[in-house]
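Read-outs throughout are calculated quantities, based only on the coordinates presented, and are distinct from any laboratory measurement. In this text, all values refer to a predicted model and were calculated from it rather than measured experimentally. In this analysis, Cβ positions are derived from the backbone assuming ideal geometry, glycine residues included, and neighbour counts consider all displayed protein chains.
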């Protein structure tokens, strides 16, 4: 099954303003206007596969990546890196016959990985999670998501979350925001069983401020985890020591949002986290989650407020990791005005079902894509 053509479209899909930030905290988010690329790979067997890049990639760079795959036989690709063209050559020096990471990864790599797995799944009649090692569960935990919101706005959002069948939410925040009042409003609407992931993106700034806020929130009993409370600074030894100290003192779990396997290993060796928020390509997520699993650390799948194709790939990967038992971030389907797929996510009782159809289990909505194209 050879690749004959790769279409690349650049899109900007707006968000619902009320789903993200309150006007008091910035209003419409700048990141919502950052373009993404949607790709579709065509083959000589008339099977197509779709993919989606992260935000902020250069269209020209993604097109250049696409050129590298034209003419390749999909069924003969190395699925650990679909751009790899040569096998590793054995040498007398055993240390040089393997690599920790089968990179490098060109621009928009995740989109091409998704599309290739989508193609192979459709060709073989298998869902993508089967190609990644097999799903451990037929549904994955999922939480609601909000941006920087006032307590009143947070209360309205929490009510929507409960009505839509969620059992928790993630909130973006900063140390100078009224966090106690915000989480108290969540508690008033949904009770202490409705759990909150507190994610300041490192903007609690110091260990002291983090611990002081945690002490104030403790009585509400609705915090599930603090994620990335202070700057990570490349996981320097002094930062790892600070995270280890916070883990000992916090009244609830501590998490780091990490990408590569090397950082996951560093965090585990430093004994500084209870949970991990992981991302990356599908294959690399599964690898990183496996390392965390060996250390007995639960994980969840992060997101960047993405569109339907990318979030569907997250769902497949999350279903494969035995320790992906925390609520993952499949949030674009209600923060964005369109997810660009024909049939999107459904949520009930805090879970979303794992697709069982061949490939990614979703199809690109070409009419919606044309509506939100910015390169036409």
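Quick notes on this one:
- Whole-number percent relative contact order across segment 139-353, with pairs defined as alpha carbons under 8 Å at least 6 apart: 22
- Cβ crowding within 10 Å averaged over residues, with 258-265, 299-306, 347-354 ranked highest first: 299-306, 258-265, 347-354
- Rounded tilt (10° steps) of 151-163 against the dominant C-alpha axis of the chain: 60
- Neighbour-count ranking [beta-carbon atoms within 10 angstrom, fewest first] of 2, 170: 2, 170
- Helix 261-270 and the longest principal axis of the Cα set of the chain meet at an angle near 30°.
- For the chain, the relative contact order is 20 percent, taking Cα pairs closer than 8 Å that sit 6 or more residues apart in sequence and dividing their mean separation by the residue count.
- Of the three principal axes defined by the Cα atoms of the chain, the extents in descending order read 61, 55, 36 Å.
- Each of the peptides 38-51, 206-219 was scored by the mean count of other Cβ atoms within 10 Å over its residues; in descending order, highest first, they stand as 38-51, 206-219.
- In this simple spin-label approximation, residue 176 and residue 58 carry label points 7 Å from Cα along the Cα→Cβ vector, and these lie 3.5 nm apart.
- Relative to the dominant Cα principal axis of the chain, helix 59-69 is inclined by about 50°.
- For 237, 199, 271, the sequence from fewest to most other C-beta atoms within 10 Å is 237, 271, 199.
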